[in-house]
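> I have a structure I would like to understand better, so I am pasting it below and will then ask my questions one at a time.
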Amino acid sequence: MKRFMIWSCGLMIGVLLTTSAPAQSKAARQLFDQRNLMAWCIVPFDSQNRTPEQRIEMLKELGLSQYAYDWRHQHLDTFASEIAIAQKNHVNMSAVWIWIDRDSDKPGHLSEDNERMLDILKNSGLKTQLWVGFNHNFFDGVDETGKINAGIEMVKYLRERTGTVTTKIGLYNHGDWFGNPMNQLKIVKSLNDPRVGIVYNFHHAHAQIDEFPALVLAMNAYLLAVNIDGMKREGPQILPVGSGDEEKGMLETLIKSGYKGPIGILCHIETEDAAVALKRNLDGLKSLAKAL
C-alpha cells in the first residue's frame, strides 16, 4: 500500500510537470515560429548592397516570408519595384520605416524623401504598417507637455496623411525622450486610436533591462512588433541573439505576457552580409528557444 502511494504521488507529480511545462513551450513555439519572424534592417545594412530581386531571394532562401523595409535616399529609386517583386514572390512587406526630423518634417509638411516614399507606397496599393522614428531634435527645447503635444500632433498628421495606406502606425523607440516607451504611451493613449501602437526594439533598450517586465505590462495592449537582439548590460548595441546574458529572460517575460505579434530578426551591421547576420540570429534564436 505504501509503495502504491509513493508510486501514485510520483505519477501525479509527473502529470503536473508534463501538463504545466508544455503551456509555455507551446507559446514559445508559436511566437518563434518561422512564419512569425520578420527580417529588419536589411536594406541599408548589407555589405552586399543587394538589389530588390536579390533581397527577396535571400529572404526566401532563409525561409522568411515577411520583412520591414528601412531605407535611405538612394533606395527610393527601386522602392516601387521592390514592393512589386515582394508581392510577386509572396513575401510580405509588413512595415515601412519613416524618420522624422524637425529640420525637415512638421505637421502639414514632410521632407521631399518622406513625401516621395509615401507617394510610392500609395501608388503601389500595398497596405502596410508605418514605423515612425523621431530624431531627438524634434523634442528639444520644450517642456514635458510640449514634447507630448509635439508627438501627438505629428503622429496625428501622419495618420491623416497616410489614410488607408497604412494599416497601423508604430512608434519606434530609438533612444532619447521618445525612446522611453512610457513617453510613447502618453502619445498613444492621448490619440486613443487603435491604429496607433508601439514597436519595441531590444537594441535600443539596454538602459531598460531592469524595467522590462513593467514596460511589457504597460505596453502589451499596444505592441505591434518586437525586434530582438543579443543583450548585455554593458553592450555592444548589436549582438547576435543567444550570445548575450539578458535576452533569454526578456523573451521569457514577453512569452508570459501573452504577446503574440511578430518578432523582428536584425541585420543592422553595415559591414556584413545581411544573409550571414540574419542566419546567425535565426540560429541563435532557434537554440535559445529550446530553453523557453
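> Grab the eigenvalues of the alpha-carbon gyration tensor for the range 30-289, scale each by 5, take roots, and send me the semi-axes largest first in whole angstrom.
Output for the range 30-289: semi-axes of 26, 24, 16 Å.
> Compute the relative contact order of the range 74-138 as a whole-number percentage, counting only Cα pairs closer than 8 Å that sit 6 or more residues apart in sequence.
49 percent
> Amide H of VAL96 versus every other amide H placed in the peptide plane: which residues, excluding those fewer than 5 positions away on the same chain, fall under 5 Å?
Here TYR69, GLN129, LEU130, TRP131 satisfy the definition.
> Have a look at the DSSP beta bridges in the chain and tell me what percent are antiparallel, nearest 5.
Antiparallel: roughly 5 percent of the beta bridges in the chain.
> Which of the lysines could a cross-linker bridge to LYS186, judged by Cα under 25 Å and excluding same-chain residues fewer than eight apart?
LYS106, LYS147, LYS156, LYS168, LYS256, LYS260
> A further question follows. Just to confirm the number: angle between the C-alpha axis of helix 247-257 and the first principal axis of the chain, 0 to 90 degrees, nearest 10?
90 degrees
> Round to the nearest 10 and give me the degree value, 0 to 90, for the angle of helix 112-124's Cα axis relative to the longest principal axis of the chain.
With rounding to tens, the tilt is 70 degrees.
> What ranking of GLU246, GLU82, GLU115 emerges when the number of other C-beta atoms within 10 Å of each C-beta is taken as an exposure proxy, fewest first?
Ascending number of Cβ neighbours within 10 Å: GLU115, GLU246, GLU82.
> Rounded to whole Hz and in sequence order, give me ³J(HN,Hα) for the range 155-160 from the Karplus expression 6.51 cos²θ - 1.76 cosθ + 1.60, θ = phi - 60°, writing x for Gly and Pro.
Along the range 155-160, the couplings run 5, 4, 5, 4, 4, 6 Hz.
> How about LYS60: which lysines have a C-alpha closer than 20 Å to its C-alpha, ignoring those fewer than 8 places off in the same chain?
Hits, sequence-local ones excluded: LYS88, LYS279, LYS286.
> In whole Hz, with x marking every Gly and Pro, tabulate ³J(HN,Hα) for the range 179-195 from phi via Karplus 6.51 cos²θ - 1.76 cosθ + 1.60, θ = phi - 60°.
So the J values, rounded to whole Hz, are x, 8, x, 5, 6, 4, 5, 4, 6, 4, 5, 5, 6, 6, 10, x, 7.
> When the Cα atoms of the range 110-161 are enclosed in a convex hull and the volume is divided per residue, what value in Å³ results?
Expressed per residue, the convex hull around the Cα atoms of the range 110-161 is 80 Å³.
> Sort 177-185, 284-292, 137-145 for me by packing, meaning the mean count of neighbouring Cβ atoms within 10 Å per residue, highest on top.
Values: 177-185: 19.8, 284-292: 15.9, 137-145: 12.6.
Descending packing order for the listed peptides: 177-185, 284-292, 137-145.
> Another question, if that's okay. So what is the relative contact order for the chain, in percent, with contacts set as C-alpha pairs under 8 Å and at least six apart?
21 percent
> Excluding LYS127 itself, calculate the net charge of residues whose Cβ lies under 14 Å from the Cβ of LYS127, where each Lys or Arg counts +1 and each Asp or Glu counts -1.
Working: positive: LYS122, LYS168, ARG195; negative: none.
Once positives and negatives cancel, what remains is +3.
> Excluding residues fewer than 8 places away in the same chain, name every one of the aspartates and glutamates whose C-alpha is closer than 12 Å to that of LYS248.
ASP229
> What size of dipole, in debye to the nearest 20, comes out for the chain about its Cα centre when the only charges are +1 on Lys and Arg C-beta atoms and -1 on Asp and Glu C-beta atoms?
Dipole of the chain, to the nearest 20 debye: 1640 debye.
> Give the span of the range 169-292's Cα atoms along each principal axis, as three whole-Å numbers ordered largest to smallest.
Dimensions of the range 169-292 along the principal axes of its Cα atoms: 41, 31, 26 Å.
> How are the C-alpha pair distances of the range 24-148 spread across 5 Å bins, as whole percents from the shortest bin up?
Computed distribution, short to long bins: 2, 9, 18, 20, 16, 12, 10, 8, 5, 1.
> Follow-up. Please give the contour-minus-distance gain from ASP101 to GLU160: 0.36 nm per residue of separation, less the Cα-Cα distance, rounded to one decimal in nm.
Length difference between fully extended and current span is 19.4 nm.
> Next question, about the same structure. Run the helix sum for the chain: -39,500 (n - 2.57) per DSSP H stretch of 4+ residues, divided by residue count, reported at 222 nm to the nearest 500 deg cm²/dmol.
Calculated from helices alone, the mean residue ellipticity at 222 nm is -14000 deg cm²/dmol.
Every number in this text was worked out from the coordinates using simple rules, so none of it is lab data. Since the model is a prediction, treat every value here as computed from it, not as a measurement. In this analysis, Cβ positions are derived from the backbone assuming ideal geometry, glycine residues included, and neighbour counts consider all displayed protein chains.
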